[in-house]
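Note sheet for the following structure.
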Amino acid sequence: AVVPVWITVRVPAAAAPGDYAGSVAIAARGSEAFSFTVPLQIRIHAWKVPDPPDFTIVNNMLQSPDSVAQYYQVPLWSDKHFALLGKSLDVLHQVGSRVCNLNLIAGMHGYGNRESMVKWVKQDDGTFAYDFTVAEKYMDVYARTCGKPRFLQVNVWAFPGDNPAKPKWPPESVTVVDRDGKWLENRLQPPYGTPENEAFWRPVLTELRRRLEQRGWFDVT
């Protein structure tokens, strides 16, 4: 069996240029336990790479919360999930990614996300309130890890598609929960471009704008 071992070195900004030598200890447990050391040498040059927020080139890579939850087998939007999302965002931040995505619809094109980040809470009289908890926590993690985004993309619609026989995709859904937060359904929004669609989104986007203005993020939305 062959197992690759990748070693990543984060050089302190004040490190003096030159050659540095050390070793890495590797050990394995099991029926054939063993351990050994491997020499490691790095060369630090007298030029400092700019910090990611100062990169000239921006690599806007999309981060998938659902993929993180599935890979590490943790409950979606749990504390463990948000901790892992911070690590995922940090990796993207290192290469200059500065886009933060809020998926307010389920099954966003290119994501396949199971739920919308804002939950539609069904009331006893059939009306809805709106739970922004997940969206707020996601933006909190992004802010702690990456700072203020260069772009905040709010996804409420999908692309129309290019099939002449099917000129528009069905409207995307939002996640509906009961007052205890239990999933009920993913509900289709009204057809795009209709007064009903505007009325459907107006209270959500009005409240989201207020929250983004409080964060100081509305100018990048």
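From the alpha carbon centroid of region 166-221 to that of region 39-101 is 27 Å. Of the trypsin sites (Lys or Arg not before Pro) found in region 28-63, the ones in coil according to DSSP and having at most 10 other Cβ atoms within 10 Å of their Cβ are Arg29.
Ranking Gly193, Pro149, Ala1 by Cα position along the charge dipole of the chain, where only Lys, Arg, Asp and Glu carry charges on their C-beta atoms, puts Ala1 farthest toward the positive end.
Considering only Ala46, Gly181, Ser88, and ranking their Cα positions along the charge dipole of the chain that arises from unit charges at the beta-carbon of Lys, Arg, Asp and Glu, the one farthest toward the positive end is Ala46. The overall shape of region 1-97, judged from the alpha-carbon gyration tensor, is oblate: a/c is not under 1.5, and a/b is no greater than b/c. Between 0 and 90 degrees, rounded to the nearest ten: what's the tilt of helix 133-146 against the longest Cα principal axis of the chain? That helix lies at roughly 30 degrees to the long axis. When +1 charges are put on Lys and Arg Cβ atoms and -1 charges on Asp and Glu Cβ atoms, the dipole computed for the chain relative to its Cα centre reaches about 400 debye. Can you flag which of Lys122/Lys182; Lys119/Lys148; Lys119/Lys182 are past 21 Å Cα-Cα? Table pairs above 21 Å Cα-Cα are Lys119/Lys148.
Pairs of alpha carbons in the chain separated by more than 32 Å make up 37% of all such pairs. The Cβ shell under 14 Å around Leu205 holds other residues with a net charge of +1, Lys and Arg each +1, Asp and Glu each -1.
Annotation: amide H-H contacts under 5 Å for Asn59 (H modelled 1.01 Å from N, sequence separation of 5 or more, or interchain): Ser97, Arg98.
The angle between the Cα long axis of helix 195-215 and the longest principal axis of the Cα atoms of the chain comes to about 40 degrees, rounded to the nearest 10.
Think of it as helices only: each DSSP H run of n ≥ 4 in the chain is worth -39500 (n - 2.57), and spread over all residues that comes to -8500 deg cm²/dmol at 222 nm.
Report the relative contact order of region 95-221, percent, no decimals, based on alpha-carbon pairs under 8 angstrom and at least 6 residues apart.
26 percent
For region 1-131, relative contact order (Cα pairs under 8 Å, six or more residues apart, normalised by length) works out to 16 percent.
For region 1-95, which whole-number percentage of the solvent-accessible area (1.4 Å probe, protein heavy atoms only) is attributable to carbon and sulfur atoms?
Working: 4400 of 7490 Å².
Solvent-exposed carbon and sulfur of region 1-95 make up 59 percent of the total.
Please report the relative contact order for the chain, taking Cα pairs under 8 Å with a sequence separation of at least 6, and give it as a percent rounded to a whole number. Could the numbers behind the result be given before it?
Values: 295 pairs, mean separation 31.9, N = 221.
Once normalised by length, the contact order is 14 percent.
Using a 10 angstrom Cβ neighbour count of at most 11 plus a DSSP loop assignment to flag exposed chymotrypsin sites (Phe, Trp or Tyr not before Pro), which longest range of the chain is free of such sites? With a cap of 11 other Cβ atoms within 10 Å, the longest stretch comes to 48-221. Between helix 79-94 and the chain there is an angle of about 70 degrees, using the helix long axis and the longest principal axis of the Cα atoms. Average accessible surface for region 1-79: 85 Å² per residue, computed with a 1.4 Å probe over protein heavy atoms with every protein chain in place.
The values are calculated or read from the model by the stated rules, or taken from the named source; none is laboratory data. This is a predicted model, so every value here is computed, not measured. Glycine gets a Cβ as well: all are built from the backbone with ideal geometry, and neighbour counts include every protein chain shown. When the accessible area is computed, the model is the full protein with side chains, heavy atoms only, and any ligands, DNA or RNA have been set aside. Shrake-Rupley method; radii C 1.70, N 1.55, O 1.52, S 1.80 Å.
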